[in-house]
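Let me give you the structure first, and then I'll get to my questions.
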Amino acid sequence: MSLDTAETGPRPGRLTAHEARQRLEHARNSRLAQLQALKETGQSTDDHLVSAQTEAIQRVLTEIDEAFARVDDGSYGTCQGCSKPVPAERLEILPYTRHCVACQRRAAA
């Protein structure tokens, strides 16, 4: 799914750059809050569960940063596997995704 520019206005099923940025900011803020909550548990970072959770959150934060770069370069919402638009519903759930469901399944297999 590509972004519409301010000049053309949004089309049905498309996100504006502003909407994409809002969703990504929300996802980033949620992950940062999760990191803060993990730190506040007082558990040691040597704890394997805390360590695994922290690493997973850090990976998602990296994916979010990469999604912001795709918004900037105009490729946000386009599947990096098949170059087709990623459905708006998928971007609502995972605003930082880089693949459509079919390509994600192939990548995970």
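Which one of the conditions (1) modelled with pLDDT under 95; (2) open to solvent by 60 Å² or more (accessible area, probe 1.4 Å); (3) part of a helix (DSSP H, G or I) does Q22 fail to meet, given that it meets all the rest?
(1)
Scan region 50-83 residue by residue and report those that are in contact with a Cys (Cβ under 6 Å, 6 or more places away or on another chain) and either closer than 23 Å to R21 by Cβ or in contact (Cβ under 8 Å) with a residue 60 or more places away in the chain (or both).
So the first thing to find is which residues in region 50-83 are in contact with a Cys (Cβ under 6 Å, 6 or more places away or on another chain), and the list is 79, 81-82.
The one that is in contact with a Cys (Cβ under 6 Å, 6 or more places away or on another chain) and either closer than 23 Å to R21 by Cβ or in contact (Cβ under 8 Å) with a residue 60 or more places away in the chain (or both): C79.
Under 7 Å between Cβ atoms, which residue pairs at least 6 apart in sequence (or on different chains) link something in region 93-109 that is in contact (Cβ under 8 Å) with a residue 24 or more places away in the chain with a partner that is open to solvent by 60 Å² or more (accessible area, probe 1.4 Å) and part of a loop (DSSP other than H, G, I, E, B)?
R98/Q80
Given region 44-109, what helices (runs of 4 or more DSSP H) lie entirely inside it while holding 3 or more residues that are of a type outside the set (D, E), open to solvent by less than 60 Å² (accessible area, probe 1.4 Å) and modelled with pLDDT under 95? Explain how you work it out, then say what you get.
Values: elements: 48-73, 88-93, 101-108.
Hits in region 44-109: 48-73, 88-93.
The values are calculated or read from the model by the stated rules, or taken from the named source; none is laboratory data. No experiment lies behind these values; they were computed from the predicted model shown. Methodologically, a virtual Cβ is constructed for each residue, glycine included, from the backbone with ideal geometry; neighbour enumeration extends over all protein chains shown. Heavy atoms of the whole protein, side chains included, go into the accessibility calculation; ligands, DNA and RNA do not. Shrake-Rupley method; radii C 1.70, N 1.55, O 1.52, S 1.80 Å.
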